[in-house]
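Step one of this worksheet: look at the structure below.
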Amino acid sequence: QVQLLESGGGLVQPGGSLRLSCSASGNIFRANAMGWYRQAPGKEREFVARITSGGSANYGDSVKGRFTITRDNAKDTVYLQMNSLKNEDTAVYFCNADIMGLIGGVNHYWGQGTQVTVSS
């Protein structure tokens, strides 16, 4: 009943910037917390950033000071602005969200992921 679609991934040079977007669609009454995780080859999925419906954000230690998460509640969309990118930021980035459905109740959803590659 709900789908999350990520976009904005690609190839970027070290020190460069990239902005990811994730839009939720379907039978949505309200999107609560939304966020991003990432998974590099051979590694476990890692927390990147999270933002509440009220705009309070928190970040994983590895991205603090470089990444910024924002959201547009009217569009059920969350963004991740990534600056000063490093090679170790290379990963598949997954959007996640807690969604309140039209008939009530909150469920957790995951997007399919978008590839970010940082390389010279």
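Here are the numbers for this structure:
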{"quantity": "Rounded to the nearest 20 debye, dipole of the chain from Cβ charges on Lys, Arg, Asp, Glu", "calculated": "140"}
{"quantity": "Radius ratio Rg over Rh of the stretch 40-108, counting only Cα atoms, Kirkwood formula for Rh", "calculated": "1.01"}
{"quantity": "For the stretch 68-120, the fraction of alpha-carbon pairs in successive 5 Å shells from zero, as %", "calculated": "4, 15, 19, 24, 15, 10, 6, 4, 1, 0"}
{"quantity": "Computed log₁₀ I(q)/I(0) - Debye formula, equal Cα scatterers, no solvent, the chain, q 0.15, 0.23 Å⁻¹", "calculated": "-0.61, -1.31"}
{"quantity": "Carbon and sulfur %, accessible surface of the stretch 1-109 computed with the full protein complex present, 1.4 Å", "calculated": "48"}
{"quantity": "Residue-normalised accessible area of the stretch 1-116, given per residue in Å² at a 1.4 Å probe", "calculated": "52"}
{"quantity": "Whole-number percent relative contact order across the stretch 15-120, with pairs defined as alpha carbons under 8 Å at least 6 apart", "calculated": "33"}
{"quantity": "Whole-angstrom Cα spans of the stretch 18-60 along principal axes, big to small", "calculated": "37, 24, 21"}
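The values are calculated or read from the model by the stated rules, or taken from the named source; none is laboratory data. Since the model is a prediction, treat every value here as computed from it, not as a measurement. A quick note on method: Cβ atoms are made from the backbone with ideal geometry, for glycine too, and the neighbour counts reach across all protein chains shown. Accessible surface is based on the protein model in full, side chains and every heavy atom, while ligands, DNA and RNA are left aside. Shrake-Rupley method; radii C 1.70, N 1.55, O 1.52, S 1.80 Å.
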